[in-house]
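Working notes, beginning with the structure itself.
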Amino acid sequence: MLLFKKVNDLQNHISKSTNTSNSFGFVPTMGALHEGHLSLVKQSKEETTFTVCSIFVNPTQFNESTDLEKYPRTPGKDLALLSEVGCDIVFIPPVEEVYPPNVELKNDFDFGELEKPMEGMFRPGHFTGVAQVVKRLLDIVQPTKLYMGQKDFQQFAVIQNMLEQMNSSIENVMCPIIREADGLAMSSRNVRLTKENRQDAPQIFQTLKEAKKNMHALFPQEIKKIALEKLNTIPGFKSEYFEIVHGKTLQPIEVLEDVKYAVACVAVWAGNVRLIDNIILKGSAK
Ligand code: AMP
């Protein structure tokens, strides 16, 4: 496994390793890696000739400075894990390599309604920051395939839209959510949960599964009400949203039978840790 910190060194190496016939995968992460991240690397390895993983805690996508400061950083462990799964290249740039003072980063994407609900509503500016860093990293790495998790469902939809606006040929691959044995979606933030909140956190996925079970019997509005009530009865938990939306447009759905692709998305504060999760009710990204 090779490690690069500088854009030039990475690009020199990639240009020597690629030719027009091979495909290579890219997995952008913010580190503090767990099995969820590693599943993206493994899928990329299965489907491409070689895989680049980046570790960069992007300051421009955090709307709360405390969240940025408290974001877990475990670079030594991350490298060991990536090496274990056979990642070919790791890119760990310092901030000035991603945002050099002399390079103007064009970032005027308009995601319209896609960035308004859910994460967009509760984390203003978040997707502008995400699009900025993913665009910059894609320009640097120039992969053929981009691997992203379903865990950040809205992020996937926004980046897919960005690729379409760019007329990009990069294929955006959605990888399934990897969960702990008790159902909690793996997240770098989980280590910050208190013991009690960690014990209760699997109820988030249970609520999503219940929503899926009820999808033919109840209207989305009714499912949403039940879910929010349940989440808000968990001690120390406070829901931000529970939405049933179209998988591509992310607009709320009134009648599930009217659409082919639907997903239930949730964001909850467990103490001072913000958790997100989702479940696909019908259809798929393809
Ligand atoms: P992050 O480091 O949180 O920015 O995540 C990097 C990538 O890993 C994103 O595409 C996430 O959607 C994905 N990811 C994070 N957690 C999981 C998980 N539990 N299962 C699958 N993918 C995940």
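Put a plus charge on the Cβ of each Lys and Arg, a minus charge on the Cβ of each Asp and Glu, and nothing anywhere else: the dipole of the range 119-180 about its Cα centre is then about 100 debye.
Under 18 Å of direct C-alpha separation, and excluding same-chain neighbours fewer than eight residues apart, LYS70 reaches these aspartates and glutamates: ASP78.
Quick one: pull the percent of accessible area on the chain belonging to carbon and sulfur, 1.4 Å probe, ligands and nucleic acids left out. Intermediate values should be presented prior to the final figure.
On the way: 7090 of 13700 Å².
Whole-percent figure for carbon plus sulfur exposure: 52.
Under the convention that each Lys and Arg Cβ holds +1 and each Asp and Glu Cβ holds -1, the size of the dipole of the chain around its Cα centre is about 480 debye.
Pop out the Kirkwood hydrodynamic radius of the range 8-53 from its pairwise C-alpha distances, inverse of mean 1/r, in Å to one decimal. List each step's numbers first, then the result.
Values: mean 1/r = 0.0868 Å⁻¹.
Result for the range 8-53 stands at 11.5 Å.
Where a ≥ b ≥ c are the square roots of the eigenvalues of the C-alpha gyration tensor, would you call the range 103-178 rounded, which needs a/c under 1.5, or, failing that, prolate if a/b is larger than b/c, or oblate? It is oblate, given that a/c is not under 1.5 and a/b is not larger than b/c.
Net charge near VAL173: determine it from the other residues with C-beta under 9 Å of the C-beta of VAL173, scoring Lys and Arg +1 and Asp and Glu -1.
Values: positive: LYS145; negative: GLU47, GLU171.
Within the 9 Å Cβ shell, the charges total -1.
Above 19 Å, the calculated P(r) of the range 155-286 contains 52 percent of its Cα-Cα pairs.
Name the trypsin sites (Lys or Arg not before Pro) in the range 70-101 that are in a loop by DSSP and that have at most 16 other C-beta atoms within 10 Å, would you?
Filter output for the range 70-101: ARG73.
Contact order for the range 215-286, expressed relative to its length and based on alpha carbon pairs under 8 Å spaced 6+ residues apart, stands at 28 percent.
Give LYS42/LYS77; LYS77/LYS106; LYS6/LYS286 a once-over and call out the pairs whose C-alpha atoms are over 28 Å from each other. Those over the limit are LYS77/LYS106; LYS6/LYS286. Each of ILE226, ALA267, VAL255 was placed along the dipole of the range 226-267 (beta-carbon charges, centred on the mean Cα), and the one lying farthest toward the positive end is ALA267.
Given the rule -39500 (n - 2.57) for each run of at least 4 DSSP H residues, summed and divided by the residues of the chain, what is its mean residue ellipticity at 222 nm, to the nearest 500 deg cm²/dmol? It would help to have the intermediate numbers written out before the result.
Values: 11 runs with 108 residues, N = 286.
Taken over the chain, the calculation gives -11000 deg cm²/dmol.
A Cα-only calculation for the range 71-226 places Rg and Dmax at 18.5, 57 Å. Using the Cα centre of the chain as origin and beta-carbon charges of +1 (Lys, Arg) and -1 (Asp, Glu), tell me which of PHE26, LEU38, VAL103 is placed farthest towards the positive end of the dipole. After comparing all options, I get LEU38. Excluding same-chain neighbours fewer than eight residues apart, the aspartates and glutamates reachable from LYS248 by a Cα-Cα span under 18 Å are ASP110, GLU113, GLU115, GLU119, ASP152, GLU164, GLU171, GLU257, ASP258, ASP277. In a GNM of the chain with a 10 Å cut-off on Cα contacts, which of PRO101, PRO235, PRO28 has the highest mean-square fluctuation? Checking each option, the largest mean-square fluctuation is seen for PRO101. In the frame of its principal axes, the range 1-88 has Cα extents of 45, 28, 21 Å, reported largest first.
Set the Cα radius of gyration of the chain against 2.2 N^0.38 Å, with N its number of residues, and you get 1.01. Rolling a 1.4 Å probe over the protein heavy atoms gives the range 160-286 an accessible area of 51 Å² per residue.
Applying the Karplus relation 6.51 cos²θ - 1.76 cosθ + 1.60 with θ = phi - 60° to the range 270-279 yields 3J(HN,Hα) values of 10, x, 9, 10, 9, 10, 10, 7, 7, 9 Hz, where x marks Gly and Pro. Which of rounded, prolate, oblate describes the range 43-86, given a ≥ b ≥ c as roots of the alpha-carbon gyration tensor eigenvalues and a/c under 1.5 marking rounded, otherwise prolate only if a/b is larger than b/c? Verdict is oblate for the range 43-86. Of SER15, ALA211, ALA157, which is farthest towards the positive pole of the chain's charge dipole, taken about the Cα centre with +1 and -1 on the beta-carbons of Lys, Arg and Asp, Glu respectively? So the residue furthest toward the plus end is ALA211. Cα centroid separation, the range 163-198 to the range 224-256: 18 Å.
The values are calculated or read from the model by the stated rules, or taken from the named source; none is laboratory data. From a predicted model like this one, the values you see are computed outputs, not experimental measurements. No Cβ is skipped: glycine too gets one built from the backbone with ideal geometry, and neighbour counts run over all protein chains shown. For the accessible areas, the whole protein counts, side chains as well, though only heavy atoms, and no ligand, DNA or RNA atoms are used. Shrake-Rupley method; radii C 1.70, N 1.55, O 1.52, S 1.80 Å.
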